Amino acid sequence: MKSAITPELVEYAVRFGARQDDVLDRVQRETAAMPRAGMIMPPEQGALMTMLVRIAGARRALEISTFTGYGAICLARGLPEDGTLLCLEHSEEYAAIARRNLEVAGVAERVEVRVGPAAGTLRAMPEEPLFDFAFLDADKESNPDYYELVLARMPPGGLVLVDNALLGGEVLDPPGDTARRTHELNVSISNDQRVDCALLPLADGILVARKR
């Protein structure tokens with residue numbers, strides 16, 4: 001990287017590049033007081049998600065793991081008025097919080113939050129173009145399975161984004177199964193001739209794959 005990323009530079013990027021409004025600021029502050037608060041998407045990543053959805057012209061988006069809804073709000077805001085976002089969340093508690101936040105954000109009408117195991121939900125869907133944008137942010141050990149299940153349900157040009165692709169640097173020398181699986185998925189997607197890909201060193205790493 002050409003610039004050393006300091007906390008001051010991150011704050012600068014959020015201030016001038018994220019445009020975090022009152023709704024997202026409230027969700028961020030309330031989530032910060034919860035257990036596992038570190039799972040929330042940072043503002044600069046949320047702004048990128050909204051931008052990518054718009055640039056891709058996505059109309060049918062998917063999010064695997066919704067937590068308190070910060071990322072879902074960002075994704076939904078990038079969709080057109082008739083676009084749809086399906087959120088697969090394992091926890092009923094988090095799903096309820098996300099639904100409330102989506103309602104306050106004014107995007108609930110285009111978002112469905114479905115509770116249950118994501119892999120089972122996806123396998124029950126036909127292998128046909130169902131989504132043109134997908135964001136994978138669930139348990140990292142299952143990401144290779146999610147990636148295959150999602151890619152099979154996308155048209156050419158569809159985007160798959162895998163979060164935490166750098167896993168705090170642990171991918172360089174994986175200390176356990178989570179880091180090892182993350183590294184293996186990064187290598188697999190890099191070699192996958194079905195997609196074009198780019199790994200962005202933003203937040204905790206975002207791997208972007210575009211289906212050919």
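Computed FRET efficiency, Cβ-Cβ of residue 81 and residue 197, R0 35 Å: what is it to the nearest 0.05?
0.70
Rounding to the nearest 20 debye, state how big the charge dipole of the chain is about its Cα centre with +1 on each Lys and Arg Cβ and -1 on each Asp and Glu Cβ.
460
Find how many whole Å separate the alpha carbon centroid of the range 35-49 from the alpha carbon centroid of the range 77-114.
About 16 Å separates the Cα centre of the range 77-114 from the one of the range 35-49.
List every residue whose amide H lies under 5 Å from the amide H of residue 85, counting only residues 5 or more places away in sequence or on a different chain, with H placed 1.01 Å from N in the peptide plane.
Here 61, 111, 112 satisfy the definition.
Enumerate the calculated ³J(HN,Hα) couplings along the range 9-22 in order (Karplus 6.51 cos²θ - 1.76 cosθ + 1.60, θ = phi - 60°), each rounded to whole Hz, writing x wherever the residue is Gly or Pro.
Each residue's phi maps through the Karplus curve to give 5, 4, 4, 4, 4, 5, 5, 10, x, 9, 6, 6, 8, 4 Hz.
Would you work out if the chain is rounded, prolate or oblate? Take a ≥ b ≥ c from the square roots of the eigenvalues of the alpha-carbon gyration tensor; rounded if a/c is under 1.5, else prolate when a/b is larger than b/c, oblate otherwise.
Judged from the Cα gyration tensor, the chain comes out rounded (a/c under 1.5).
Might you tell me the accessible area per residue for the range 76-175, computed with a 1.4 Å probe and given in Å²?
Heavy-atom accessible area per residue stands at 44 Å².
What is the percent carbon and sulfur in the accessible area of the range 113-158, measuring with a 1.4 Å probe over the protein chains and ignoring ligands?
Of the solvent-accessible surface of the range 113-158, carbon and sulfur hold 53 percent.
Order these peptides, 143-151, 197-205, by their mean beta-carbon neighbour count within 10 angstrom, highest first.
143-151, 197-205
Roughly how many nanometres apart are two label points built 7 Å out from the Cα toward the Cβ at residue 13 and residue 127?
3.8
Using +1 at the C-beta of Lys and Arg and -1 at the C-beta of Asp and Glu, which of 202, 185, 175 has the Cα lying farthest in the positive direction of the dipole of the range 158-210?
Sorting the options by dipole projection puts first 185.
The values are calculated or read from the model by the stated rules, or taken from the named source; none is laboratory data. Fair warning: this is a prediction, and the values are worked out from it, not measured in the lab. Here Cβ is always computed from backbone atoms with ideal geometry, including for glycine, and neighbour counts include all displayed protein chains. Accessible surface is based on the protein model in full, side chains and every heavy atom, while ligands, DNA and RNA are left aside. Shrake-Rupley method; radii C 1.70, N 1.55, O 1.52, S 1.80 Å.
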